[in-house]
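The values are calculated or read from the model by the stated rules, or taken from the named source; none is laboratory data. Since we're looking at a predicted model, the values are computed, not measured. Quick reminder, even Gly has a Cβ in these numbers, built from the backbone with ideal geometry, and neighbours come from all protein chains shown. These area figures cover heavy atoms from the full protein model, side chains too; ligands, DNA and RNA do not enter into them. Shrake-Rupley method; radii C 1.70, N 1.55, O 1.52, S 1.80 Å.
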Amino acid sequence: MTKSDVVIVGAGHGGAQCAIALRQNGFEGTITVIGREPEYPYERPPLSKEYFAREKTFDRLFIRPATFW
């Protein structure tokens, strides 16, 4: 069996969860997640509420720590 790679277009919640699920299920190939933002995938819905209300700092919105990606 050959090792394959995956490209995920969209670095939102769906794209991040897809990458996470691949790893959790033993996928060993390269996973590339493509998005517009330079940041790692982060929670977008709460961004407008908790972040702007200063209830969460931006670094607490990341879906996984930078070392995961």
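Going 7 Å from the Cα of Ser4 toward and past its Cβ, which residues in region 26-44 have a backbone nitrogen under 17 Å from where you end up?
Within reach of a label on Ser4, which here means backbone N under 17 Å from a point 7 Å along Cα→Cβ, region 26-44 contributes 26-33.
Per residue, how much accessible area does the chain have with a 1.4 Å probe, in Å²?
Normalised by residue count, the accessible surface of the chain is 75 Å².
Take the alpha-carbon positions of the chain, form their convex hull, and give its projected area averaged over all directions (one quarter of the hull surface) in nm².
Averaging across all directions leaves 5.0 nm² for the Cα convex hull.
Write out the trypsin sites (Lys or Arg not before Pro) in region 5-69 meeting two conditions: DSSP loop, and at most 12 other Cβ atoms within 10 Å of their Cβ.
Arg36, Lys49, Arg54
Between helix 13-24 and the chain, what is the angle of the helix's C-alpha long axis to the longest principal axis, kept within 0 to 90° and rounded to the nearest 10?
Taking Cα atoms only, the helix is inclined about 40 degrees.
Ignoring ligands, DNA and RNA, please state the percent of accessible area on the chain from carbon and sulfur, probe 1.4 Å.
In the chain, the share of accessible area belonging to carbon and sulfur is 53 percent.
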